[in-house]
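Below is one structure, written out as structure tokens; comments come after it.
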Amino acid sequence: MTDRLGLRVVVLRVLVVSLLIALGGRLWYLQILSGDHYRKVAESNRVREVVTPATRGMVLDDDGRALVRNRTSLVISVDRSVVDRQPHAGRAVLSRLAPVLGMSLGELQQRIRFCTATVKPPCWNGSPYQPIPVATDVTDEQALSVIEHADTFPGVSADLQAVSQYPYGELASHELGYLAPVTQDEIDKYGKQRGYHQNSLVGAAGLEDTYDSYLRGADGVKKLEVDRFGRVVNVAATTPPTSGDNLVLNLDAKVQKATEQALANQLSVLRSQGKSAATASAVVLNARTGGVVAMASLPNYDPSVFTGGISEKDYRALTDPANGIPLLSRAYQGAGAPGSTFKIVSFSTAVTKMHADLNGTYGCPSTLQIGGQTFHNFEGEAPGDVSLHEAIVVSCDTIFDTFAYDAWLADGGLRQGTAARAKANEYFTTMAKAFGFGRQTGLDLPGETSGSVVDRADATKIWDQLKGSYCRRAKNGYPEVKDPATAERYREYAQEACTSGYLYNGGAATMFGIGQGQYLSVSPLQLAVAYAAVANGGTVLKPQLAKAIVSADGKVVKTLKPVVTGHLPVSPQTLGYLRDALHGVASEPGGTATGVFSDFPPTVPVAGKTGTAEVEGKSDTSWFASFAPVNNPQYVIVASIPDAGQGATFAAPVVKEIYQSIYGIGQSAAFPGGTPPAALPRTNPDGSISPPASIAARATAGRVAVPATSGGAPVPASSGGTGGPVSALAAEPPLRAVTTRLGGPR
Amino acid sequence: MTGPDALRSSPVVLRGRFEQGRGRAVQRHSVPRRLDWLLLVAVAVLTVVGLLLVWSATRPQELTAGGDPRAFLKKDLINLAVGLVLGCAVAAVDYRILRAYAPFVYLVSLLALMAVLVVGTTINGAHSWILLPAGFQLQPSEFAKVALIVSLAVILGAKHDDQRSGVRVTPGDRDVLAALALAVVPMGLIMLQPDFGTVMVFVFVILGMLAVSGAPSRWVVGLIICGVLFGGAILQFHMLKPYQEARLTEFVKSNRNTTSTGYNVDQAMTAIANGGFTGRGLFHGQQTQGQFVPEQQTDFVFSVAGEELGYVGAGGIILLLGVVMWRALSIAADAGEPFGTLIATGVVCWFAFQSFVNIGMTLGIMPVTGLPLPFVSYGGSAMFANMMGVGLLQNVRLRSRTDPHAL
């Protein structure tokens, strides 16, 4: 019996020991084998981050004028972690605050509720530990009523915060872009790598987007350890914010202003003539570097509508076609047929690939019959046999039509890809692509269009994609088009595209030679890049808005050097001939733009080409592409005004006005001496910015040169040049700017 | 036997013996010499560790409330002092004399269990506490454990002393029925509180004592089968309160975060895993100091050990509990007569079941029940009862017929 009792106790021992071993094993599994996973959970459990936004860098023009900077704003914020602990979750506090801010209690409560999957804005999607800004730009009285009665407004604070400011209003709005609250998606994807936080503002368009990583700086983070109830137990770590770098542009505020002004003037002229033109754009490039000196598109917008989050109504207005879609920049996001400005490509193709003789003459009939289609010379002119020089000066279409048609025939015409010509030469489209058409220029802005240059292979590809809809349209017609005749014409197009759209259309190929037709569309920026290549001797450059990135304390972080993206397969001799011909356009008798530039001083000889592109259902698009001075080109200027009329009539005067502002013809010069500043603006010890040394020296010429860094008031930028303030920029704010920008509250 | 071997190899014991040996002639039956010192040392270390863990677990909440950060430590020390007195008292009276008091002890525990239903206070869903002045509470169900063990040992071991020497008789059906009848009353009263965990302690104490007593195995097997069927029926027909059912069933689910019970276990497991091998250091566990684990000074105290003391400390607690149970089973085996064996067995089953369920619950492998970890968790009544349990073990040890040193 004792043995049996002993045995039973042994069984109990075994049972107890095995249970304890099981516990030990489980403990090992949790603590040693899966510790890492749980450590992360524990970390996220207890650490809360409070973000101090970094000072966002400024965007400066080439003279150091701030295009985007910060201004201080009185902001009233509500700290939920304090307010929620008041009786009834702080209802009384909020009811007192709402009338002070001039909003309803419901509105205020909406602003401070936390965003979730189901709670959509208005709501707060930042950290619950961060005070929530409920009103920006409040008056001193409003702020004081909160500060002075702290006991009746627990958890409510009024602070000075920095918000984006655009001293020049709408100037260069498409280029500057804007900030938007970071999305959860972006945080998930890039949060760690880019340092986004829940309430970060990130560049959502324009330069703010492209150079966001430089401009944003690094937010300061205070890591708070909290307990289960969210009470702060300890401050675990504090990282101070690092200011973002300043971005220095090639863009010049004065030239930009003049460009936008010239476009606006022309649009109002057009409106006074009863034309429906509503949009216009222009590009000014440094022909030698590719630097974008100015780029404008009308209509534009005031980027400050995005400050603090854009309302849905405002956003709809910015994207409404009835307003001309102000958000869209026609200069680099829109493309159309370039008309005769494209003849630089046709000329180069004819000379380089088709053995056209620079010394020969070619017939320029007023009409040309090709495959049942009649091609007209512009306004039916028939100057007879002319040289290629003359053909460009007077803009003879039929000569270039013929070259393009011959190239199409040589590639097999409609019998493409069969028999004799298995591989087409594609002289015209290849040359167009060498000039930079049909692909993005590489501009440092997001959303650039690549335009289109369609060759035979592309045409087949496009047809493969679209034949379904073509054929459906051919069958069903266009019932939504009111005019029966137009609808029938559209249906016939669709019918043709359905049955033979894969064929490279001879008519369209011919029109390609004069910059028209369905196989070609270019953006004003692309055209400017192509003209810069002609002007600078054949180098295709990447257009760049940014010139350098300079840290807040003035160190040059990065200099954006000119980037070569290609070379024209055209001999220097041919390009010289072409430049001479383009000069003739604006100077010789019979030149299409001679009239426009007749009163221009000989010190600034301009070369250029007019373009008048036909658009179905609208007036012609007026183009002018140019460079100057002819002998040693510094600038390329392209202007484009859709739905206007002839190139010489509308676009060329705009370009002329821009040259006048640059060189100071009849006004003070934006660039005295005609060259853009080579040096970078200088950063003063206090973080403010002074113009580049060369400009400052000029500005103080005749006086004792006082370096702007020596303490006195910074030199106002508008005192540059010889005359008084430029009238267009009279309202320009002085450079003594609030030099900090916060990617602060929305 | 391993017990005495371990005893001899223990330096503490060796020194004790050495000093005694030098002082005066060691009496063969001297109390210090016959005490189970290894058991006492293990209990002492567990208790001290428990005090520290309770201190660490309650310090942040007292600090944020502006209270005395050592408030719980002080109360726990008072509890310990009272517990030591009770334990010594229990150890001092010859356990065979206890037999005479058993009916009285049993009746008093029943009265206390009834009283709690009338004047008790509800904490965490169980109506188990009688509030005393100065912030102390009494939990009669803890004392009922002691009372039940003694009472069952009386019945299941009663006749054996009356047998002629040499022949031992194991309990028969009548004894088993009487024991079950005795147990059902307090279990029913505790079920009314309801305190399902303590009822389960009773069930396993009864099973263990029945099995060791040598009662007919059909009773043991039958009771296990009945228990399983009853448990199944309870779940099937949802006879428990929803939170009780959730506690029972949730530990097998992977996604626990949906309920507060799941939250407790998740936070406890996170705390334990966060400790790693060597722990975060006392007062430095982030989960613990952030009070992420509810009830971390009582039912979830093991999570504090896991986070702040790491595998070394938490594993050490398991090891020390193993020492306590191993020694207690040796005492059971060496008692030399059934009454003592059964008392020791009952105490082992009680400690073992509570330890396993409590630690298993914080490790996510057992359902959540409100059972404290013996010697470690904060709680006056539990401390008193545990110390009385140790007193019972030493009592049996002191009066065991087999002299371990005579081997």
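FYI, it's all coordinate maths here, none of it is from the lab. Quick caveat: nothing in here was measured; it's all calculated off a predicted structure. FYI the Cβ positions are ideal-geometry reconstructions off the backbone, even for glycines, and counts take in every protein chain you see.
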Requested in this report: Would you mind checking the tilt of helix A:572-587 against the longest principal axis of the Cα atoms of chain A, expressed as 0 to 90 degrees and rounded to 10?
Outcome: 80 degrees
Query raised in the report: Over chain A, what is the relative contact order in whole percent, taking alpha-carbon pairs under 8 Å and six or more residues apart?
Result: 16 percent
Query raised in the report: On the first, second and third principal axes, largest extent first, how far apart are the outermost C-alpha atoms of the protein assembly as shown in Å?
Result: 147, 80, 58
Query raised in the report: Please identify the trypsin sites (Lys or Arg not before Pro) of region A:278-339 that satisfy two criteria: DSSP loop assignment and at most 15 other Cβ atoms within 10 Å. Which are they?
Result: none
Query raised in the report: With point charges of +1 on the Cβ of Lys and Arg and -1 on the Cβ of Asp and Glu, referenced to the Cα centre of chain A, which listed residue (A:S243, A:W463, A:V221) lies farthest in the positive direction of the dipole?
Result: A:V221
Report summary line: Looking only at lysines whose Cα falls under 25 Å of A:K40's and that sit 8 or more positions away or on another chain, we get A:K189, A:K192, A:K222, A:K223, B:K253
Query raised in the report: Pulled fully out, how much extra length does the chain show between A:A678 and A:I147, if you take 0.36 nm times their separation in residues and subtract their Cα-Cα distance?
Result: 186.2 nm
Requested in this report: Return the distance in nm (one decimal) between the two label points of a simple spin-label model at A:V269 and A:T367, each offset 7 Å from Cα along Cα→Cβ.
Outcome: 3.3 nm
**Report entry** Cα gyration tensor, region A:73-158 - rounded (a/c under 1.5), prolate or oblate
**Finding:** prolate
**Report entry** Efficiency of FRET from Cβ geometry, A:L358 and A:K40, R₀ 56 Å, rounded to 0.05
**Finding:** 0.15
Query raised in the report: Taking R0 as 22 Å, what's the FRET efficiency between A:Q110 and A:K313 from their Cβ-Cβ distance, rounded to 0.05?
Result: 0.80
Query raised in the report: Label-point separation (nm) for A:L7 and A:A237, each offset 7 Å from Cα along Cα-to-Cβ?
Result: 6.4 nm
Report task. State the extension gain, in nm to one decimal, for the chain segment bounded by B:V184 and B:V312, taking 0.36 nm per residue of separation less the distance between their alpha-carbons. Result -> 42.0 nm
Query - Distance between modelled label sites at A:Q495 and B:V93, nm, 7 Å Cα→Cβ extension - result: 11.6 nm
Query raised in the report: Hey, fewest Cβ within 10 Å first, where do B:L180, A:L298, B:L131 land in order?
Result: B:L131, B:L180, A:L298
Query raised in the report: Counting every Cα pair in region B:35-406, what percent are over 28 Å apart?
Result: 45 percent
Query raised in the report: What FRET efficiency do you get for B:V45 and A:A89 if R0 is 41 Å and r is their Cβ-Cβ distance, rounded to the nearest 0.05?
Result: 0.25
Requested in this report: Find the relative contact order for region A:73-158 and round it to a whole percent, using C-alpha pairs within less than 8 Å whose residues are 6+ positions apart.
Outcome: 49 percent
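Over region B:35-406, calculate the relative contact order: mean separation of alpha carbon pairs under 8 Å at least 6 apart, over the residue count, as a percent.
Relative contact order for region B:35-406 comes out at 28 percent.
Work out how much length B:Y263 to B:I123 would gain on full extension: take 0.36 nm times their residue separation and subtract the Cα-Cα distance, in nm to one decimal.
Working: separation 140, 0.36 × 140 = 50.40 nm, distance 1.86 nm.
Gain on extension, B:Y263 to B:I123, equals 48.5 nm.
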Query raised in the report: How far is helix A:652-663 tilted off the main Cα axis of chain A, in degrees rounded to 10, range 0 to 90?
Result: 70 degrees
Query raised in the report: With axes computed from alpha carbons, what is the tilt in degrees of helix A:253-272 against the longest principal axis of chain A, rounded to the nearest 10 within 0 to 90?
Result: 60 degrees
